[in-house]
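Everything on this sheet refers to the single structure shown next.
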Amino acid sequence: MYAESTLEFQSLNLLPSILSQVEAKGYTHPTPIQVQAIPPLLEGKDLLGIAKTGSGKTAAFSLPLIDKLGRNKVNITPNHIRSLILSPTRELASQIENNIINYSEGLELKTKVVFGGVGKQPQIEALNLGLDVLVATPGRLLDLIERGHIQFDELEVLVLDEADMMLDMGFLGDVKKVISFLPQNKQTLLFSATMPGAIENLANNLLHTPVKVEVDSESSLGEAIEQKIYTVEKINKGYLLHSMLEDPELTSVLLFCKTKFGAERIVENLQRTSVACATIHSNKSQSERERALRAFREGEIRILVATDIAARGIDIKHVSHVINYNLPEDPKNYIHRIGRTGRAGNKGVAISFCVESEVVLLKNIGKLIKRKFEIDSNQPFHKEISFSAKASAKSKNSKKKKQRRHKG
Ligand code: AMP
């Protein structure tokens, strides 16, 4: 999936312990974003990174950060932190923490993740000791700041990850509030998959003569993902899914659907036929979400059924297939969803079900990723669907009529 790079990690001037951790992870060469970002970050420059998950951006910011903190070990004052990484979701924040702990093994850096939905006390106790790296979601972080558990006079580095997702999830206000507590003099990194106006403004205010690196822009998808569209009648979607599961190639499937209710219904049906599966969505408690993710990661369950919010950014290397049970309303989510497969150099398959009323959504996705989809009729529940503008309008109108009837 990654473009070939002739550069070796060895030439990047990172601490030997970091290089051995990278080697132990099996990384042979830095990814393009790592090649571009690591040298200026080691020089202490600010950075604007336009990149999505799957590009290797976590290591791109973590390795130089660990290098900086590991070369200059200091006694941290209680309740002070040397670096802050802000991330939009608990899952992403945990993933980043795991990566940092892994890459910094042997350097004895104090690292902690804080997010909502779990008890505060262990977080407060970790903060009391002072931290080299704090990874946080904005809401819980603000809460802890406002209760006086975190001081920023010793802050050296700020990383804002997935800035456009923060905006989408309504966290931009919280992020700005957090920033208002931070000192001016620090190294700042901002990563975003896209650059909507609000994020561009934030970047302009926050970054000082940043180095700009851009890889794998939002409208491009790796060649590693084979994309298929199955047109089907709504009523046959469940049968189609069951017939697909007869194929042993579908070893580890991330299935996206529109609603939490829909997710639960799909899982109930799958469990009736003894398919090992679980759901992950925002109604689930943090421990349930973590349990489901762990089981999926470790291959105990074959299918993880998710809604968009819960699954964005999740890094699970071996997802063999992504299935879109419903097409996403926002075409950008198509890219986020299918980007969960074909990661870290593996091949992946993304199969999207499309019913007649979703033709417009499919067209919007096609426009975004600059691709004309061919319909794959090689499946037992194939339904001919008209793709003419007239047909899409007709299906829209019948939907409106139905809604009116429903209201009445
Ligand atoms: P990220 O974009 O940070 O979510 O990373 C995506 C995946 O790529 C993760 O599973 C990383 O472990 C993996 N990865 C990061 N850097 C490299 C590299 N240089 N070579 C191979 N895999 C990598």
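Given segment 118-238, report the % of alpha carbon pairs whose separation exceeds 19 Å. It would help to have the intermediate numbers written out before the result.
On the way: 4343 of 7260 pairs.
Percent of Cα pairs beyond 19 Å in segment 118-238: 60.
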Discussion item. Below 8 Å between Cα atoms, with a sequence gap of 6+, how large is the relative contact order for the chain in percent?
Written reply: 17
Worksheet item: Tell me, in nm to one decimal, what length is gained between ALA295 and LYS228 on full extension, where the rule is 0.36 nm per residue of separation less the Cα-Cα distance?
Response: 21.4 nm
Practice prompt. Can you pull the one-decimal nm distance between simple spin-label points at VAL74 and GLU264, each 7 Å off the Cα toward Cβ?
Written response: 5.0
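Work out, in µm²/s and without decimals, the Stokes-Einstein translational diffusion coefficient of segment 27-72 at 37 °C, 0.692 mPa s, Rh from Kirkwood over C-alpha pairs.
Values: Rh = 10.9 Å.
Translational diffusion coefficient: 303 µm²/s.
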Worksheet item: Could you give the angle, 0 to 90 degrees to the nearest 10, between helix 286-297's Cα long axis and the longest principal axis of the Cα atoms of the chain?
Response: 70
Discussion item. With every atom except the alpha carbons ignored, what do you get for Rg and Dmax of segment 285-376, in angstroms?
Written reply: 14.0, 41
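Please give me, ordered by residue number, the trypsin sites (Lys or Arg not before Pro) of segment 1-84 that lie in loop per DSSP and have at most 16 other Cβ atoms within 10 Å. Intermediate values should be presented prior to the final figure.
On the way: sites: LYS25, LYS45, LYS52, LYS57, LYS68, ARG71, LYS73, ARG82; in loops: LYS25, LYS45, LYS52, LYS73, ARG82.
When the trypsin sites (Lys or Arg not before Pro) of segment 1-84 are filtered for loop state and at most 16 Cβ neighbours within 10 Å, LYS25, LYS73 remain.
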Discussion item. I'd like the GluC sites (Glu not before Pro) in segment 41-102 restricted to DSSP loop residues with at most 15 other Cβ atoms within 10 Å, sorted by number.
Written reply: GLU43
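Mean 1/r over all different Cα pairs, inverted: what Kirkwood radius does segment 225-406 give, in Å? Could you put the intermediate results ahead of the total?
On the way: mean 1/r = 0.0592 Å⁻¹.
By the Kirkwood definition, the hydrodynamic radius is 16.9 Å.
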Practice prompt. Run the quick spin-label model on ASN98 and GLU214: label points 7 Å from Cα toward the beta carbon, then report their separation in nm to one decimal.
Written response: 3.2
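Using r as the Cβ-Cβ distance of GLU105 and LYS367, and R0 as 41 Å, what FRET efficiency do you calculate, to the nearest 0.05?
Details: r = 45 Å, r/R0 = 1.11.
In this case the efficiency is close to 0.35.
Just to be sure I follow: if Rg is taken over the C-alpha atoms of the chain and Rh is the Kirkwood radius over the same atoms, what is Rg/Rh?
On the way: Rg = 22.5 Å, Rh = 22.7 Å.
For the chain, the value is 0.99.
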Worksheet item: Separation between the GLN271 and HIS382 pseudo-spin-labels, each 7 Å from Cα along Cα→Cβ, expressed in nm?
Response: 3.6
Worksheet item: Between segment 122-140 and segment 247-273, what's the alpha-carbon centroid distance in Å?
Response: 36
Discussion item. Using only Cα atoms and rounding to the nearest 10 degrees, what angle (0 to 90) does helix 32-42 make with the longest principal axis of the chain?
Written reply: 20
Practice prompt. Go ahead and estimate [θ] at 222 nm for the chain from helices alone: -39,500 (n - 2.57) per DSSP H run with n ≥ 4, summed, over the residue count, rounded to 500.
Written response: -12000 deg cm²/dmol
Worksheet entry | All-pairs Cα distance distribution in segment 59-151, expressed in whole percent, bin size 10 Å | 17, 53, 29, 1
Worksheet item: For helix 359-369, what angle does its Cα long axis make with the longest principal axis of the chain, in degrees from 0 to 90 and rounded to 10?
Response: 40
Worksheet item: Non-local amide H neighbours of THR231 (under 5 Å, H modeled in plane, Pro and chain starts lacking H): which ones?
Response: CYS354, ASP376, LYS383
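Which pairs in the list LYS120/LYS212; LYS52/LYS367; LYS45/LYS177; LYS57/LYS120; LYS52/LYS234 are over 26 Å apart, alpha-carbon to alpha-carbon?
Working: LYS120/LYS212 37 Å; LYS52/LYS367 19 Å; LYS45/LYS177 24 Å; LYS57/LYS120 29 Å; LYS52/LYS234 32 Å.
Violating the 26 Å Cα-Cα cut-off are LYS120/LYS212; LYS57/LYS120; LYS52/LYS234.
Using 0.36 nm per residue, how much length does the chain from GLU374 to ASN185 gain when fully extended, once their Cα-Cα distance is taken away? Before the final figure, lay out each step's value.
Details: separation 189, 0.36 × 189 = 68.04 nm, distance 5.27 nm.
The span from GLU374 to ASN185 would gain 62.8 nm if fully extended.
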Worksheet item: So which aspartates and glutamates pass the test for LYS372, namely a Cα distance under 19 Å, with those fewer than 8 places away in the same chain ruled out?
Response: GLU218, GLU223, GLU226, GLU329, ASP330, GLU356, GLU358, GLU384
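Taken together, the values in this text are just the output of simple stated rules run on the coordinates, not laboratory data. Keep in mind it's a predicted model, so treat the numbers as computed, not measured. Glycine gets a Cβ as well: all are built from the backbone with ideal geometry, and neighbour counts include every protein chain shown.
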